[in-house]
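Any read-out appearing in this document is the output of simple, stated calculations on the displayed coordinates, not a laboratory observation. Nothing here was measured: the structure is a model prediction, and the numbers come from that model. Methodologically, a virtual Cβ is constructed for each residue, glycine included, from the backbone with ideal geometry; neighbour enumeration extends over all protein chains shown.
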Amino acid sequence: MKKILYILIMLIIAEVYFITIHILARPVIYLEVKKPMTLADMPEEKKVLLDVPVISQLPELPRGCEVTSLTMLLNYAGVEVTKMELAEKIRKVPYLENGLYGHPNSGFVGNIYTMSQPGLGVYDKPIQELANKYIPYKIVNLTGEDFRWVLQYLDRGRPVWVINNTTFNVLAEDQFATWQTVKGKIKVTTKEHSVVITGYDNKNIYLNDPLTGEKNKAVDRESFIAAWEQMGKHAITYSR
């Protein structure tokens, strides 16, 4: 009986020893406990904002938003020029001649100085031509490109001249008229407007508005881009 009891005790001791050695031989795993993320730990929202001098087109140039916006861009680039000088030098075309309307890519259509006579505006090509006289070989025409190129130039510290509309929202179709020009049919709107983009963040586009004289005005980013695309994706800036 004692012999059997002795054998049982030895078996129990051997089993306990085996289990202990097996546990000690296993690697120890430490769990990393992360503290909750605070506002201070979160990545900051990207924001670009340039200090571009704002210039009002009024009262001298009620239709001169394009040349006034170009003046802001050139002034920021270090060029001393006035809106009135650019208004005088911009290429111009008649509002209506021989039954055909002027084309904004041929020159400023109509009268830039007064609302008492017909007029419309001007697109990127005459603006590029004029800007090249002040910054030769450096003007970059981004017209027709994706808006990400506009953002990339803002990242490089370059404001961007663009065409949008006075609401900075997509316009209804009844806001447009079809013109027959020497270059064919085009759709135009009297709400056409030019501004200088001075910055952006995840929600807004920031701009200098020559019509209101507002500096770094914030407008909804998605709405602005959609309206810019509707108006033809006109954009001009400059390189180093």
- Query: For region 84-175, what mean projected area does the convex hull of the alpha carbons give, in nm²?
  - Reply: 8.1 nm²
- Chain lengthening between Arg91 and Arg148 when straightened (0.36 nm per residue, less Cα-Cα): 17.6 nm
- Query: If you keep only loop residues by DSSP, which trypsin sites (Lys or Arg not before Pro) in region 119-221 have at most 15 other Cβ atoms within 10 Å of their Cβ?
  - Reply: Lys133, Lys138, Arg156, Lys183, Lys191, Lys203
- Of Gly213, Val182, Gly199, whose Cα points farthest to the positive end of the dipole of region 175-215 (charges on the beta-carbon: +1 Lys, Arg; -1 Asp, Glu; origin at the Cα centre)? Val182
- Pairs of Cα atoms under 8 Å, at least six residues apart: use those to get the relative contact order of region 56-238, whole percent. 25 percent
- Query: Counting other Cβ atoms within 10 Å, which chymotrypsin sites (Phe, Trp or Tyr not before Pro) in region 109-148 have at most 10 and lie in a DSSP loop?
  - Reply: Tyr137
- Note on the structure: In terms of the alpha carbon gyration tensor, root eigenvalues a ≥ b ≥ c, rounded if a/c is under 1.5 and otherwise prolate when a/b exceeds b/c or oblate, region 135-205 is oblate
